[in-house]
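Here the structure comes first, spelled out in C-alpha cells, and everything after it is commentary.
The values are calculated or read from the model by the stated rules, or taken from the named source; none is laboratory data. Fair warning: this is a prediction, and the values are worked out from it, not measured in the lab. Here the Cβ positions follow ideal geometry from the backbone for every residue, glycine too, while neighbour counts run over all protein chains shown. These area figures cover heavy atoms from the full protein model, side chains too; ligands, DNA and RNA do not enter into them. Shrake-Rupley method; radii C 1.70, N 1.55, O 1.52, S 1.80 Å.
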Amino acid sequence: MKQLLLELIKEWFEIILPEIKEREAKPEKFLDWNLKKIIPIIGFRRVGKTYLLLSIAKKLGKENTLYVNFEDERLNIEKLNIRDFINAVKEIYGNKKLILLLDEVQEIPKWSKWLRTLNDIPNFFVYATGSSSKISPKEIPTELRGRALTIHLFPLSFREYLSFKEIKVDRTTTSTILNELREYLNFGGFPEITLTKDKGKKYLILDEYFQTFVARDVIERYRIRNREAIRYIVRILLNSTYITVSKTYNTLKSIGLKIGKNTVANYLKYLEESLFVYYLEQYSLSEKLTIQSPRKIYLIDTFFITRYSKFSENIGRKMENTVFLELLRIASKNPLLEIYYWKDFQGHEIDFVIKENYAVKELIQVTYANSFDEIDKREWRSLLKAKKLLKCNKLTIITWDYEDTKELSWFGEKGKIKFTPLWRWLQKHQ
C-alpha cells in the first residue's frame, strides 16, 4: 500500500492543473498556520469541490500542496493505513510545511480520526472535501469539534453562472438577463453542465450524476438492501411538495413494497445526508407542532426538477427552489440564521420565514408574476396576516419581472411590501 501511495504522490508532480474558473468561495483565506483548523468543504457530487481544491494548489503552488482523491479505484480503502500515508508523504516531502488537499474523505473508514491525526502534525494543514452532511458543523464527529471550519459549496449561484458565461449585468439588457435566468432555472448550476453548450449533452451528464449519486452515495454508502424502495422514495421526493414519514410509508405500502416505517425514516435521512434533498420545517412556537408538521422539499439543483419531476414546466416551483438555495448560501455564512416556512389552519402560507437571534427577520413569498395584477391576492394577504402573528415588518415578494413597493391592507392589517425581480434579488447577495 505504501508503494502505491508513493506512486500517487509522484503522479501529483506530473499533473498539469486545468483552467479553473473563480468561485465565490475562497478556501485559501482560511489558511492560517498560527490557528490551525481542518477546513472541510462539503457539497453534493459534482458541484465543484475538486476544482476548489485544485484552485488552492494553483494559487499556493503545487510544490506546497498534495492532492489525493480517495475515490481513486486503485486505492484499497479498507486496507488504507494512516501510518503508511504519513510515511509516504514524509518520504517525498520531508518535514516541509505542506497543505494536504484530500478529496472525498468520507470514503475512508474512521475518516474523522484521520483528519484529527493529520491536523495534529505541525507541518500539515488539511483541506478535505466530502459529499455528506456528516462533515457539516451540525453532525461533525466529537473528535473534530472545535478543530474545523466548514465551507459549504453549492451549485453555481446565479452570479457565478453569469460569470462562467462571461456576462456582466451592468453591460447587458434586462431581457438578456431574464433569458439567462430562465436557462439557469431549467438547467441548474452544476459547473460542467453550465459550460456545456449542447443541450442534449446536458441531459446525458445529469443522468450520469443522478445514477452515480443513487448507486454510490446512497445504496453503496449506506449498504441499502431494499433498492426498489429507495428508488421509489427518490421518485416521491422529486414529485412532491411536502413529505412525512407516515405518508411515504403508506404510499410504498399501497404499491406492495414491504418496508418498515423506521426504515422509511432512515432512507429519507440518508437522502438528506447525501445533500440531494433538503427538508424545510414549519415555523411554530410549539416544538411539538414543528416536529409533527409536514416538511417542504427542496432539491440541490433545479435541473433535477426539469429532468425527472412532474413539475418540470413549473417556473414558479423552480424559482422557489432557487430562492431556497440562495438562502442556504447566506445561512451557511451566518450560523445565527434559520430558515422555515409558515402555515396556519386557514391555509395562509409563507414560503420562507427568516429567523435570526430568536426573532423573525423577514417574510418572503415567491411568485411567477410580471405585474401586480398577476400576483394572487393570497400571497400578500398571507404576508399581512403573518406580519402580525410573527411580529415582522420586513415583507418581500420575489417576482419574475415586477418591481415596486406598495402599502397594502387587509381586514385592518397594513404593511409595506417590497416586490423585487428574482434576478435582482439573486444579484444582491454574496
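Per-structure values
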item	result
Test for Arg216: is it of a type outside the set (A, V, I, L, M) and in a helix (DSSP H, G or I)	yes
Close pairs from region 180-196: first acidic (Asp, Glu), partner part of a helix (DSSP H, G or I), Cβ under 8 Å, at least 6 apart	Glu180/Tyr161; Glu180/Leu162; Glu192/Ile205
Pairs, first farther than 17 Å from Glu362 by Cβ and open to solvent by 70 Å² or more (accessible area, probe 1.4 Å) in region 389-417, second among the β-branched types (Val, Ile, Thr) and part of a strand (DSSP E or B), C-beta under 7 Å, six or more apart	Glu403/Thr420
Region 132-157, residues that are among the aliphatic types (A, V, I, L, M) and farther than 21 Å from Ala25 by Cα	Leu144
Considering residues of region 288-330 that are touching a strand residue (DSSP E or B) at 6+ places or on another chain (Cβ under 8 Å) and of a type in the set (Lys, Arg) only, the residue most open to solvent (accessible area, probe 1.4 Å)	Arg295
Of the criteria (1) over 21 Å from the mean Cα position of the chain (by Cα); (2) open to solvent by less than 20 Å² (accessible area, probe 1.4 Å); (3) modelled with pLDDT of 95 or more, which one Val47 fails	(1)
Boolean, Thr194 is open to solvent by less than 40 Å² (accessible area, probe 1.4 Å), in contact with a Phe, Trp or Tyr (Cβ under 6 Å, 6 or more places away or on another chain) and β-branched (Val, Ile, Thr)	yes
Contacts under 7 angstrom Cβ, first residue in region 256-274 being more than 15 Å from Glu228 (Cα to Cα), partner assigned to a helix (DSSP H, G or I) and open to solvent by 60 Å² or more (accessible area, probe 1.4 Å), 6 or more apart	Glu273/Lys134
Test: Tyr51 is aromatic (Phe, Trp, Tyr) and either in a helix (DSSP H, G or I) or within 25 Å of Leu271 (Cα to Cα) (or both)	yes
Every residue from region 302-348 that is assigned to a strand (DSSP E or B) and in contact with a helix residue (DSSP H, G or I) (Cβ under 6 Å, 6 or more places away or on another chain)	Leu337, Ile339, Trp342
Tyr127 being open to solvent by 30 Å² or more (accessible area, probe 1.4 Å) and assigned to a strand (DSSP E or B)	no
Number of the exception - Ile339 against (1) in contact with a strand residue (DSSP E or B) (Cβ under 8 Å, 6 or more places away or on another chain); (2) of a type outside the set (D, E, K, R); (3) open to solvent by less than 20 Å² (accessible area, probe 1.4 Å)	(3)
